[in-house]
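What follows is a set of notes on a single structure, which appears directly below.
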Amino acid sequence: MILILLGPPGAGKGTQSRRLQERRGLPQLSTGDMLRAAVAADSDIGRETKAIMAAGGLVPDRLMVRMIAERIEQEDCKDGFILDGFPRTTAQAEALDGLLVARGLKLSLVIEIRVDDLVMIERVIGRFTCTKCGIGYHDTFKTTRIDNVCDSCGSTKFDRRADDREDTVRARLEAYHIQTAPLLDHYLKQGIVVPVDGMAVMDEVTFQINQAVDGVND
Ligand code: ADP
Ligand code: ADP
Ligand code: ZN
């Protein structure tokens, strides 16, 4: 099964795709995580993309397509995968269609997570993650059970993303509306879009997504 989670920054793509990964045993391919790892490792790609990400812009399509093309060749993707943060432009979506056709694969579902712009800013600014296990939290909407201790692994180290600041978030939101939202049309034509209400509480969003995904028979 091949799934795409589509939605603006803060919609809950990362949160929900991690839950899907656990439930379905499919790898979550987050291009944002891959790029942040490249920046942290100071690789060629990291050096090329650091400033673009810090400004809230989109990394060039050719680079992103190459990154995903290499990733889906790996063994853990053979039964399918969950795309979180890719594609983000019509050119990326078309390239993905080509990659899948060439491998005899097809997209199962595009899950569109809908949220209001104001809420999304609040979500992104309050976001932090466990450095050790990567699980996501929020200052207001999902705090740790014990102050400063990860619920899942017990670590006491947490990270905040350099680009989760109000000024950058506005640029990212604009990039979403201008470059990514038109993708919906691309997938609506293929008849594979399922909208879910991303304003609902996390477990309710998970429930809606599970219902849609469980209804797919491939
Ligand atoms: P994305 O990957 O789409 O940018 P995240 O999954 O990282 O979004 O979620 C952004 C922030 O909002 C995180 O801090 C997360 O804990 C929180 N969050 C996610 N889903 C919900 C929800 N349904 N209600 C409230 N907060 C949420
Ligand atoms: P969010 O979870 O807030 O939606 P991501 O973690 O997916 O953000 O992405 C962080 C940044 O990485 C983006 O603002 C962009 O600069 C870059 N990026 C990630 N995926 C892509 C992509 N498919 N195309 C272009 N840029 C990307
Ligand atoms: Zn942890």
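If the viscosity is 1.002 mPa s and the temperature 20 °C, what translational diffusion coefficient in µm²/s does Stokes-Einstein give for the chain when Rh comes from Kirkwood over Cα pairs?
Translational diffusion coefficient: 120 µm²/s.
State in Å² the accessible area per residue of the chain; use a 1.4 Å probe, count heavy atoms of protein chains only, and round to the nearest integer.
Dividing the accessible area of the chain by its residue count gives 51 Å².
Take every Cα-Cα distance within the range 12-120, group them into 10 Å bins from 0 onward, and report for each bin the whole-number percent of pairs it holds.
13, 43, 36, 8, 0
5 Å is the cut-off here: which amide hydrogens, built 1.01 Å from N in the peptide plane, fall below it relative to ILE2, excluding neighbours closer than 5 in sequence?
Correct list: PHE81, SER108, LEU109.
Using θ = phi - 60° and the Karplus curve 6.51 cos²θ - 1.76 cosθ + 1.60, what whole-Hz ³J(HN,Hα) does each residue of the range 56-67 get, with Gly and Pro shown as x?
Karplus-based 3J(HN,Hα) across the range 56-67 equals x, x, 9, 6, x, 4, 4, 5, 5, 5, 4, 4 Hz.
Out of the DSSP beta bridges found with both residues in the chain, what percent are antiparallel (nearest 5)?
That works out to approximately 30 percent antiparallel.
Starting from the Cα gyration tensor of the range 64-178, take the square roots of the eigenvalues, sort them a ≥ b ≥ c, and report rounded, prolate or oblate (rounded when a/c is under 1.5, otherwise prolate if a/b is larger than b/c, else oblate).
oblate
Under a Cβ-Cβ limit of 4.7 Å, which cysteines in the chain have nobody to pair with?
Result for the chain is CYS77, no neighbouring Cys Cβ within the cutoff.
Using θ = phi - 60° and the Karplus relation 6.51 cos²θ - 1.76 cosθ + 1.60, list the HN-Hα couplings for the range 129-136 in order, rounded to whole Hz, with x at every Gly or Pro.
10, 6, 5, 7, 9, x, 5, x
Given H placed on each backbone N at 1.01 Å, which residues far from SER30 in sequence or on other chains put an amide H within less than 5 Å of it?
The list, which skips near neighbours in sequence, is ASP84.
Mind listing the phi-derived Karplus ³J(HN,Hα) values for the range 207-218, rounded to whole Hz, using 6.51, -1.76 and 1.60 with θ = phi - 60°, and x for any glycine or proline?
4, 4, 5, 4, 4, 5, 5, 5, x, 8, 10, 8
Long-range amide H contacts for SER155: which residues qualify at under 5 Å (H placed 1.01 Å from N, peptide plane, sequence gap of 5 or more or a different chain)?
Those qualifying (amide H under 5 Å, at least 5 residues apart or on another chain) are CYS150.
When the accessible area of the range 29-127 is computed with all protein chains present and a 1.4 Å probe, what percentage of it is carbon and sulfur?
That fraction is 55 percent.
The values are calculated or read from the model by the stated rules, or taken from the named source; none is laboratory data. This structure is a prediction, so every number in the text was calculated from the model and none was measured. Glycine also receives a Cβ, built like all others from the backbone with ideal geometry; neighbour counts cover every protein chain displayed. SASA here: full protein model, heavy atoms, side chains in, ligands and nucleic acids out. Shrake-Rupley method; radii C 1.70, N 1.55, O 1.52, S 1.80 Å.
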